[in-house]
Amino acid sequence: MRVNITVNGRPQQADDVWEGESLLYVLRERLGLPGSKNACEQGECGSCTVRLDGVPVCSCLVAAGQAEGREVVTVEGLADFAEERAGRGCAAGAPGACGTDPDTARRWQARPAPGSDAQLAPVQQAFIDAGAVQCGFCTPGLLVAADELLERTAEPSDADIREALSGNLCRCTGYEKILDAVRLAAARAAAPTAEQGA
Amino acid sequence: MDFLRPATWDEALAAKAEHPSAVPLAGGTDVMVEINFDHRRPAYLLDLGRIRDLEEWETGERTVRLGASVPYTRIMENLRAELPGLALAAHTVASPQIRNRGGVGGNLGTASPAGDAHPALLASGAEVEAESVRGRRMIPIDDFYRGVKRNALEPDELIRAVHIPKATGPQQFSKVGTRNAMVIAVCAFGLALHPDTRTVRTGIGSAAPTPVRATAAEEFLTAALDEAGLWESGGPLPPSLAREFGQLAAGACNPIDDVRGSAAYRRHAVGVMARRTLGWTWESYRGQERSAQCA
């Protein structure tokens, strides 16, 4: 069957989708967006977390057909999504101009070439600065979940952070640096000028 | 496999009548796992995601009519006052991602003895609103669970809503697992005090082939509270009474040994949870009584 989904602000179409196929499979294998990771396929690990109409979900548990006509944000679109939310983005632009097109996303490198203007969402920068990334497999899901927490709760308590990330497993870091990263992103959002001055 | 996407409830009923083997799909948190792991290859998937009124609830005078697909997150956030037992249980379901998708209709459809909503539904005395093209019927929760992952639905029926009496007294939910999140219950216990009828109801999860009530424990406690005039006096609960209640609740279990826990452990833990939840709810009831008398 054919499935139409708006992914990271751009209308996308996938053909020959099997009826039992997950949204995660469509994103990774049909739309060329491998940022959302495939690990447990049973909603235990959170590494496939995406926003579905704004709500964080495990994309491995959403049937592709259920996402028909809906909006998905993946880690590939997180920077644009955060920028748009901050009111600096391309919200006023023409439809389709917003978001990251798949060709650009496919060319993305783990380490952008020197001089590239690759932008990160604040929560992504905080993960790097806090050393919250080790093998990196859980990172996309954690970023999407953490970003949604900070959107909802500007000054999250430690309990808020732990609960918001309780569905995302990390086997490397022991979580402490991940918690640090979320605290850092929240603190930077609360005092953006102080950070710039530092 | 065919993917059926009814836009309305009537279309969904017609599709289910035409294809009784169709598997209803809402949050997908059970069904998609089975498909991902090739444990299940239904001929038809019946996606209920476009039927928006399944995600709505109505608060009436005596009951809440909870749409089958209302996500656990909404229950936690919006129905804590009316349905405290279910809201507490909803908060223990898996993770935020799962709570954003899963709902009580799916828990009932799957009818796993470990489903987190069941103890609260049993303790509050809910009714399941089931419908087919032949008509609508209300199934009392006590008659709903028929075996391991079997329920009272006919092949052409779908769950539209659950009617849950609004709390008239304190309710509690307790669950044993290895951590607070992402846990399938080793066992669970729900308790509701019903001061309006001077009764107590319970629900046990994951300690028998189906979710069950601890009827002997309920009857014992109801009689004991009545005899000692404790509903009126709001007096403290004698420890011997709480102990006996716990023992009777443990006796209502018919558990198995499995990877999550042994039968003996489950029986013991249900007894402990019954005693503790009784303590919590009774103290809360006494607090309410005292403040009512002071007012």
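Laboratory data are not the source of any read-out in this text; all were calculated from the coordinates shown. None of these values were measured; they are calculated from a predicted model. Every residue, glycine as well, gets a Cβ built from its backbone with ideal geometry; the counts of neighbours run over all protein chains shown.
If you take the residues of segment B:88-103 that are under 14 Å from the mean Cα position of the chain (by Cα) and farther than 15 Å from B:Phe173 by Cβ, which of them is farthest from the other protein chains (Cβ to nearest Cβ)?
Among residues in segment B:88-103 that are under 14 Å from the mean Cα position of the chain (by Cα) and farther than 15 Å from B:Phe173 by Cβ, the one farthest from the other protein chains (Cβ to nearest Cβ) is B:Gly103.
Sort out which residues of segment A:129-157 are in contact with a Leu (Cβ under 9 Å, 6 or more places away or on another chain), of a type in the set (D, E, K, R) and away from chain B (no Cβ under 14 Å), and write them in order of number.
Of everything in segment A:129-157, just one residue is in contact with a Leu (Cβ under 9 Å, 6 or more places away or on another chain), of a type in the set (D, E, K, R) and away from chain B (no Cβ under 14 Å), namely A:Asp129.
Suppose we filter segment A:16-54 for residues that are free of Cβ contacts under 8 Å to residues at least 60 places away in the same chain and outside any loop (DSSP other than H, G, I, E, B); how many remain?
Here the count works out to 10.
With the structure loaded, tell me whether A:Ala126 is more than 13 Å from every other protein chain (Cβ to nearest Cβ), out of contact with any Pro (no Cβ under 9 Å at 6 or more places or on another chain), of a type in the set (Gly, Ala, Ser) and not in a loop (DSSP other than H, G, I, E, B) or whether it fails that test.
Yes: the conditions hold for A:Ala126.
Of the residues B:Ala207, B:Ala217, which single one is part of a loop (DSSP other than H, G, I, E, B) and aliphatic (A, V, I, L, M)?
From the options B:Ala207, B:Ala217, the qualifying one is B:Ala207.
Give segment A:21-43 a look and list any residue that's among the small types (Gly, Ala, Ser) and within 13 Å of chain B (Cβ to nearest Cβ), or say none.
A:Ser22, A:Ser36, A:Ala39, A:Gly43
Mind checking whether some residue in segment B:79-87 is within 14 Å of chain A (Cβ to nearest Cβ) and either farther than 21 Å from B:Thr281 by Cα or buried (at least 24 other Cβ atoms within 10 Å of the Cβ) (or both)?
No, segment B:79-87 contains no residue that is within 14 Å of chain A (Cβ to nearest Cβ) and either farther than 21 Å from B:Thr281 by Cα or buried (at least 24 other Cβ atoms within 10 Å of the Cβ) (or both).
Only residues that are more than 12 Å from the chain's Cα centre (by Cα) and over 16 Å from B:Ile159 (Cβ atoms): list them for segment B:64-87, please.
Listed by number, the residues that qualify are B:Thr73, B:Arg74, B:Met76, B:Glu77, B:Asn78, B:Leu79, B:Arg80, B:Ala81, B:Glu82.
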